[in-house]
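One structure is given here, and the rest of the page talks about it.
Read-outs: derived from the displayed coordinates by stated rules, not from any lab. Everything numeric here is computed off the predicted structure, so don't read it as measured data. All Cβ positions, glycine included, derive from the backbone under ideal geometry; neighbour counts span all protein chains shown.
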Amino acid sequence: MDPRSRWLSSFALLATLLLALPTAALAQDKFQVKAEFEPATAKPGDEVTLHIHATVEYGWHAYGTKEENQIPVSLPAKKLVLSGLEVVAPAVIPEGSPAQGPLGVQYELPHEFTVDQKLRVPKDMAAGVVKVSGELKYQICDANSCEPPDAAKFSATLTIAAGAAGQGGEQGGGETAVPDLGVVPGLQLIPDEKLTLKAHFEPATARAGETVMLVLEATVIDGWHAYGTLETTNVPVSLKADKLVLNGLERGGEPQIPPGEYKEFYGLDTYPLPHEFTVKQPVKVPTGKAPAEIEVSGAMNYQVCDESGCDNETDAAFTAKLMVEAGAARAEYVISAAPAPRAGPRQPKFTLDDIDGDNALTGSIWSLILLSIAGGLFALVMPCTYPMIPITFSFFTKQADRRNGNVLSLALTYGVGIVLMFTVIGVAAGGAIIPFAGHWATNLVIGVAFVVFAFSLFGFFTLQLPAVVTNAAGRASAAGGLLGVFLMGATLVVTSFTCTAPIVGALLAGVAEGGYGRVALGMAVFGLTMAAPFVFLALLPGRVKALPKSGEWMNTLKVSLGFVELAAALKFFSNVELARGWHVLPREVFLMIWAFAFTALALYLLGLLGHRRVPVEGVSATRNGVGLASLAFAFYCLFGVMGFNLDPIMTAFEPPYRLREIEEHEIVKDDYAQAMELAKREKKYVLVNFTGFT
């Protein structure tokens with residue numbers, strides 16, 4: 001690399017880092033907080049309010065709890081140091097005022113706003129001064145850009161006077177102190193407060209032998225939704241028996257959960273629930289049960305999503321109390337079991353979607369076809385597919401000479417053979433390919449292979465077909481006829497399988513739940529996409545000389561594909577580190593590397609970055625256009641690095657965890673008991689992740 005190219009690449013890297021990692025201190029200068037108690041003096045048993053006053057520099061603004069695109073203001077409970085005080089209720093944070101922003105409707109907060117946290121002084125707390133501290137999380141933006149998410153620390157002191165709670169103010173009375181996670185009897189808030197769950201019994205009093213209903217009233221914040229029982233794309237709401245603690249009561253039947261209302265979302269069949277929905281669980285009081293107050297607890301499993309992505313599957317805990325009274329069972333409550341609700345009929349869609357069952361994983365049949373075509377086009381530009389082009393030319397040129405140019409039947413047979421072989425491979429070996437393609441070791445091998453292919457395209461070395469493949473093609477050429485065509489098709493499939501295996505594996509994994517019909521259709525379209533260019537060229541063996549000669553355009557294409565393959569290799573390495581639990585490649589690092597790769601590609605296409613000391617002799621309009629598009633995509637990646645949500649496709653492609661999640665959460669691997677013990681000790685929630693990684 002000449003000095004000019006080295007200087008430009010270093011400057012690009014430095015500019016990228018400066019854009020993606022603004023100094024945190026600048027954001028803190030624009031956002032100031034001050035905390036105080038009201039009242040400033042309290043007695044044991046009193047309730048007080050911690051006011052956190054925030055001031056934002058003019059021209060900038062933070063966001064309220066209804067914000068979906070930027071990071072809203074929050075008061076993490078685990079960052080609060082309460083010095084013995086108790087949390088009475090969740091913090092009260094302004095929702096924000098709706099305003100039209102670059103990403104649609106956004107909920108901005110005024111330049112001065114207040115967050116309130118209600119606390120209680122324990123009855124046995126001694127007189128003195130206590131200090132409370134914590135962090136207020138936020139993100140601020142102006143008209144042009146946003147600062148990275150940050151946290152402002154605060155502290156305030158409260159004077160504890162001697163004596164019992166005053167008669168004129170708020171009192172704790174005889175109530176039981178509420179845990180500092182903000183959990184109120186019958187009400188459970190998940191940490192980010194996207195879903196609240198309130199539980200009670202209907203009726204609230206029962207007798208031995210009766211069956212009553214445990215009612216869970218769920219509320220999801222605007223912009224997010226959970227899913228009904230018909231959902232197959234995301235995780236539906238469920239209430240499993242092993243998560244119910246009935247304390248002597250019995251399940252009176254299956255839970256009654258709404259099926260959801262059908263909605264097509266980006267080609268996927270989904271069944272979201274409304275923002276308020278109810279789950280019911282029949283509970284039976286056994287015959288002979290003595291009168292008592294019985295507390296029932298459990299957890300409702302769910303997943304919430306918005307327009308940009310989904311949170312991880314989690315549980316919402318709940319508690320409810322049932323009063324068992326004396327007396328004979330009432331006839332209206334004596335039933336053997338409450339029947340589970342029938343799921344509503346599926347909304348009609350394309351008849352083609354019902355091939356071997358309805359699989360919402362890939363959405364409509366047209367989504368499957370487009371996905372298969374995209375996979376085939378990507379496979380065509382892979383390094384191990386390209387060498388078959390001259391072999392195909394050679395074979396059909398000889399056949400054209402023997403048949404006086406009449407090769408239509410052979411060319412069509414050639415294409416049908418390719419399609420048939422890919423289809424047979426998908427149907428016969430799909431069950432083995434899917435776990436093979438999803439295993440972390442396979443992803444590691446494929447990632448390394450893509451790096452090798454990239455350096456080959458950069459020109460550091462040349463990959464050649466194995467001798468056995470070349471010999472097989474030679475025998476096929478000599479054989480001629482339909483047998484030769486079949487052998488040529490087999491040679492193409494086998495040769496390209498090294499590059500197409502990950503694409504085929506991903507395709508099969510996406511359609512496998514739909515049955516063999518969808519697998520066969522997907523693989524047939526994939527094979528047809530790969531076969532079509534070869535069939536077309538087979539029909540025109542005499543036009544080979546008219547094709548563009550290899551030269552600068554071919555070198556430009558190869559180097560550009562090298563950058564793309566390096567970016568693709570990073571995705572496979574990300575799958576490996578997720579499976580192994582290393583947590584070294586969070587979303588921000590992944591997108592930063594992609595931004596650097598596509599910036600380097602843009603500099604190369606724009607003629608600012610040389611390749612192996614080869615001088616750039618002019619830059620065409622096409623190169624300029626693709627270079628600018630690559631630069632725009634690099635800045636889009638930086639947009640994600642700075643904390644913004646990206647489109648659904650990129651959200652699904654990037655790693656599912658962020659840098660701040662590594663800093664804030666402790667991960668316990670393969671030890672559920674230890675995780676539960678840690679969560680109880682630190683008064684945190686537990687997220688059990690049992691999904692795959694690829």
- Query: Nearest 20 debye, what's the magnitude of the dipole of region 187-348 about its Cα centre given +1 on Lys and Arg Cβ and -1 on Asp and Glu Cβ?
  - Reply: 760 debye
- Query: According to a simple spin-label model (label point 7 Å from Cα along Cα-to-Cβ), what is the distance in nm between residue 161 and residue 628?
  - Reply: 7.2 nm
- Quick one: dipole size for region 27-160, taken about the Cα centre, charges +1 on Lys/Arg Cβ and -1 on Asp/Glu Cβ, in debye to the nearest 20. 520 debye
- Can you bin region 187-348 into rounded, prolate or oblate? Criterion: square roots of the alpha carbon gyration tensor eigenvalues sorted a ≥ b ≥ c, rounded for a/c under 1.5, prolate for a/b above b/c, oblate for the rest. prolate
- Item | Förster radius 60 Å - calculated FRET efficiency between residue 232 and residue 49, Cβ distance, rounded to 0.05 | 0.85
- Query: Can you run phi through the Karplus equation (6.51, -1.76, 1.60; θ = phi - 60°) for region 623-632 and list ³J(HN,Hα) in whole Hz, with x for Gly and Pro?
  - Reply: 4, 4, x, 5, x, 5, 5, 5, 5, 5
- So for 47, 264, fewest C-beta neighbours within 10 Å to most, what's the order? 264, 47
- Tell me, what is the FRET efficiency for residue 278 and residue 334 to the nearest 0.05, using R0 = 22 angstrom and their Cβ-Cβ distance as r? 0.40
- Taking a ≥ b ≥ c as the square roots of the eigenvalues of the Cα gyration tensor of region 27-160, is the shape rounded (a/c under 1.5), prolate (a/b larger than b/c) or oblate? prolate
- Message: Per-residue counts of other Cβ atoms within 10 Å, averaged by peptide: what ranking do you get for 69-75, 201-207, 451-457, highest first?
- Response: 69-75, 451-457, 201-207
- Of 281, 239, 227, which is farthest along the charge dipole of region 187-348 in the positive direction, counting Lys and Arg as +1 and Asp and Glu as -1 at C-beta? 281
- Go through 275-288, 214-227, 619-632 and give me the packing order, highest mean Cβ count within 10 Å leading. 214-227, 275-288, 619-632
- With respect to the cross-link table entries 153/243; 194/240; 198/263; 153/263; 34/194; 123/680, which display a Cα-Cα separation exceeding 32 Å? 153/243; 153/263
- Query: So how much slack lies between residue 261 and residue 204, counting 0.36 nm per residue of separation and subtracting their Cα-Cα distance, in nm?
  - Reply: 17.5 nm
- FRET efficiency for residue 293 and residue 582 from the Cβ-Cβ distance with R0 = 51 Å, rounded to 0.05, comes out at 0.55
- Using a cut-off of 9 Å between beta-carbons, work out the net charge of the residues near residue 207 (Lys and Arg +1, Asp and Glu -1, residue 207 not included). 0
- Task: With unit charges on the beta carbon (Lys/Arg positive, Asp/Glu negative), name the residue among 144, 55, 126 whose Cα is farthest towards the positive pole of the charge dipole of region 27-160.
- Result: 126
